[in-house]
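Where a number appears in this text, it was derived from the coordinates with a stated rule and is not lab data. Quick caveat, the model's predicted, so the values are computed rather than measured. Because the Cβ atoms are built from the backbone with ideal geometry, glycine has one as well, and the counts that use them run over all protein chains shown.
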Amino acid sequence: MVQYAEITDIDFTVEEMERNVARFKNQKSSAEAFLDTRIPGHEREIFSIIGNGVQEDDSMQPQIPPQDFHLAMIRSEPGKGAALHSHLTQEVFMPLTGRWAIYWGPNGEKEVILEPYDVISVPVQIMRGFRNVGSETAMMLAVVGGHDPGRVGWPASMKDAARAAGLMLDEQGNLRAVASA
């Protein structure tokens with residue numbers, strides 16, 4: 001049976017609708033939104049726009065609260081991007097500028113190259129990563145599903161490399177600096 005949205009007289013004032021607007025000029029980013037961001041080759045900047053998604057920096061405050069999805073933008077220098085990881089939700093990527101490799105598989109052995117406005121939807125639990133394969137700093141849109149999409153699944157090797165770079169995850173899955181001995 002087909003379902004149709006109810007026709008309503010619900011209306012928002014401009015001020016009410018502004019609470020649902022995220023102006024990029026007001027966006028705060030994090031260079032340490034994820035466990036891998038201190039590991040050479042994985043440095044990048046994350047802008048959480050709608051909800052916190054799966055990011056691990058509990059200080060980030062998106063301008064729009066979570067819906068049934070989370071939206072972020074990633075800015076990365078050439079050759080840099082996310083290490084191999086998995087999610088409990090599908091993840092959609094769309095380059096806004098530049099060329100991006102989306103790679104996947106248990107060891108990241110497969111990849112496709114996306115150009116601006118190409119879209120890929122990576123299924124649940126697939127190990128995936130991405131990197132800017134262009135010659136300039138580039139931006140990419142990322143969307144994860146669900147009101148609470150869970151936490152990132154990191155291979156033990158990435159957790160060890162992050163610890164060596166001074167980061168670890170606490171019991172709630174948030175980033176913390178490794179205490180020096």
* Sites excluded, GluC sites (Glu not before Pro) in DSSP loops with at most 11 other C-beta within 10 Å, longest stretch of the chain -> 7-108
* Structure fact -> As a Kirkwood estimate from alpha-carbon pairs, region 69-181 has a hydrodynamic radius in angstrom of 14.8
* With a Förster radius of 30 Å, plug the Cβ-Cβ distance of Ser121 and Ala177 into 1/(1 + (r/R0)^6) and report the FRET value to the nearest 0.05. => 0.30
* the chain, helix-only ellipticity at 222 nm - DSSP H runs n ≥ 4, -39,500 (n - 2.57), divided by all residues, nearest 500 -> -2000 deg cm²/dmol
* C-alpha center-to-center spacing [region 68-114, region 154-175] in angstrom -> 19
* **Nearby lysines by direct alpha-carbon distance to Lys28 (threshold 23 angstrom, same-chain neighbours under 8 apart not counted)** => Lys80
* So what's the net charge close to Ala138: Lys and Arg +1, Asp and Glu -1, counting the other residues with Cβ under 14 Å from its Cβ? -> -1
* Considering only the other residues whose Cβ falls under 11 Å of the Cβ of Leu96, what net charge follows from Lys and Arg at +1 and Asp and Glu at -1? -> -1
* Structure fact -> Semi-axes of region 1-145 from the Cα gyration tensor (sqrt of 5 times each eigenvalue, largest first, whole Å) come to 29, 19, 15
* Asked: Which cross-chain or sequence-distant (5 or more) residues have an amide H under 5 Å from the amide H of Ile120, H modelled 1.01 Å from N in plane?
  -> Phe93
* Structure fact -> The local net charge around Phe12, scoring Lys/Arg +1 and Asp/Glu -1 for residues other than Phe12 whose Cβ lies under 15 Å from its Cβ, equals -4
* Asked: Hey, what did the chain get for relative contact order, percent, Cα under 8 Å, at least 6 apart?
  -> 24
